[in-house]
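First up is the structure itself, then whatever we jot down about it.
The values are calculated or read from the model by the stated rules, or taken from the named source; none is laboratory data. Nothing here was measured: the structure is a model prediction, and the numbers come from that model. Ideal geometry is used to build each Cβ from the backbone, glycine not excepted, and the neighbour counts take in all protein chains shown.
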Amino acid sequence: MSPRWLFFPTTAVEPTYDYITINSAYVASVWENPASYAIDGNTSSYWRTDIGTSSYWTAGFNSAEVLTRLEIYCSSVIGGGFPSSGYEPTYFKIQGSNNNSSFTDITSEIHLTWSSATWQNVEFSSNTTAYSYYRIQFTASQGSYAGLVEVKAYGVTN
């Protein structure tokens, strides 16, 4: 999905995506490695958990932010090799919260297809609400676990 254009009588202004630092990471349960491994800037480390109704990874911010895009990186470092390592998230929702306990769905279920080690953009440009916590709520993966190598967050400014 490409950014929306804002049209004015004679000028078009394309929104820019600003990188927003994720300050902390939280999870329901850890199967392997701390949640912070998904924000350490190292594509050789990863976080992984089993898939279940409480399987999620949450990003925390120093202040409430209006996010409109996540970039998610997965690679065979999680295990097994592509295209079927079994740990790449394939179905999930993006949710937001200001207290890290009660979350609101920002997106309906998102589907990603993984065939190689790559960054995938997850856009939710309709979000206009600032949240201090954004959660990736996993509903399915290519196997019985869900894993993340790296996650980056972006918000829109005009």
- Residue that is assigned to a strand (DSSP E or B), closer than 23 Å to T43 by Cα, aliphatic (A, V, I, L, M) and modelled with pLDDT of 90 or more, where the choices are A140, A64, A146, A153: A153
- Query: Inside the stretch 86-111, can you point out the residues that are touching a residue at least 40 places away in the same chain (Cβ under 8 Å) and part of a strand (DSSP E or B)?
  - Reply: P89, T90, Y91, F92, K93, I94, Q95
- Task: May I ask you to verify whether Y91 is at pLDDT 80 or above and within 26 Å of D18 (Cβ to Cβ)?
- Result: no
- Message: When you check W114 against the structure, is it at pLDDT 65 or above, within 16 Å of Y145 (Cβ to Cβ), of a type outside the set (S, T, N, Q) and in a loop (DSSP other than H, G, I, E, B), yes or no?
- Response: yes
- Message: Looking only at residues that are under 15 Å from K152 (Cα atoms) and not aromatic (F, W, Y) in the stretch 113-131, which one is nearest to the chain's Cα centre (by Cα)?
- Response: V122
- Name every residue in the stretch 126-155 that is in contact with a strand residue (DSSP E or B) (Cβ under 7 Å, 6 or more places away or on another chain), under 16 Å from L67 (Cα atoms) and surrounded by fewer than 15 Cβ atoms within 10 Å (Cβ to Cβ), in order of residue number. T129, A130
- Filtered residues of the stretch 17-50 (kept if outside any strand (DSSP E or B), at pLDDT below 85, of a type in the set (A, V, I, L, M, F, W, C) and crowded, with 18+ Cβ neighbours inside 10 Å): I22
- Note on the structure: Every listed condition ((1) buried (at least 18 other Cβ atoms within 10 Å of the Cβ); (2) closer than 23 Å to E32 by Cα; (3) at pLDDT 90 or above) holds for E71 save (1)
